[in-house]
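Before any comments, here is the structure.
Quick note: the coordinates plus some simple rules give every number you see, no bench work behind them. Note that this is a predicted model, so its numbers are computed, not measured. Positions of Cβ are backbone-derived with ideal geometry, glycine not excepted, and every protein chain shown enters the neighbour counts.
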Amino acid sequence: MIDWLSYSFLGAGIFLWFWGTFPLLGNRSVLFKLHGLSVSDTLGSMSVVVGLLLKIPGEWPLLLLAILSLAIWNTMLGYVLAYCSSRGRSDE
């Protein structure tokens, strides 16, 4: 049962990685594309780490640290990129 659940999280994470990549081909703004990519990449990466946590529960401190780092790093990176992008537009 745990193996099936672990593989489900791993599969969902890989699916989210690819799902966030497809909107990059659309005609939307760069910020919209970046937001979709960063959200799906963060959730996909967290899902993969949860799947690994179920597979190797003995490493829970490191995997929990990885989940927290993903949440903080990707959120802050999105804000910084959005700020830099909007600042570049107002200078023109």
Only one of (1) within 15 Å of the chain's Cα centre (by Cα); (2) under 21 Å from residue 86 (Cα atoms) is not met by residue 26, so which one is it?
(1)
Would you check which residues across region 30-61 are aliphatic (A, V, I, L, M) and either surrounded by fewer than 13 Cβ atoms within 10 Å (Cβ to Cβ) or in contact (Cβ under 8 Å) with a residue 60 or more places away in the chain (or both) and list them?
30, 56
